[in-house]
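What follows is one structure encoded as structure tokens, with my remarks underneath.
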Amino acid sequence: MQVWEKCAACVQARENLLGQLSDLQYGYANGKLGFISLQEVMAKCVELHTVTCAVQALASQLRMEHGILLEYGDGQSASAYPGVDAVGVEDMVRFLEWLRDTDTSVKIYP
């Protein structure tokens with residue numbers, strides 16, 4: 001049960017980070033933010049990568065030790081979590097490049 005609890009905490013942390021980055025992307029694209037700190041965005045990206053790696057390791061441990069698959073969705077449409085389409089390092093680099101290249105009124109600070 002301890003592995004499951006750790007996994008649940010990591011999944012929750014990962015989903016929270018994805019939500020924060022998604023909100024940031026929306027606010028940035030629509031000019032609804034006064035400014036963003038590039039250092040803070042990069043820190044969130046690093047944290048997301050770290051938490052995603054932890055979820056993957058714990059999901060593997062759940063599968064190997066307990067025969068439990070970490071999935072999202074239900075029934076026939078269930079998929080592995082975080083899955084092959086999980087946000088990866090390349091996606092985060094593209095996101096940072098998008099921040100750099102998008103024309104908006106939002107100021108970017110280091």
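Tell me which residues come under 5 Å, amide H to amide H, from residue 71 once H is placed; ignore anything under 5 positions away on its chain.
Here 81 satisfy the definition.
Grab the DSSP H runs of the chain that are 4 residues or longer, score each as -39,500 (n - 2.57), total them, divide by all residues and round the 222 nm result to the nearest 500 deg cm²/dmol. Don't skip to the end; give the middle numbers.
Working: 3 runs with 70 residues, N = 110.
Value at 222 nm, helices only, nearest 500: -22500 deg cm²/dmol.
Once Lys and Arg get +1 and Asp and Glu get -1 on their Cβ, which of 28, 49, 64 lies farthest toward the positive end of the dipole of the range 2-101?
28
Pull out a ≥ b ≥ c, the square roots of the eigenvalues of the alpha-carbon gyration tensor of the range 1-52, then state rounded if a/c is under 1.5, prolate if not and a/b is larger than b/c, and oblate in the remaining case.
Values: a/c = 4.57, a/b = 2.42, b/c = 1.89.
Verdict is prolate for the range 1-52.
Quick note: the coordinates plus some simple rules give every number you see, no bench work behind them. Computed from a predicted structure; not experimentally measured. We place every Cβ from the backbone using ideal geometry, glycine too, and count neighbours over all the protein chains shown.
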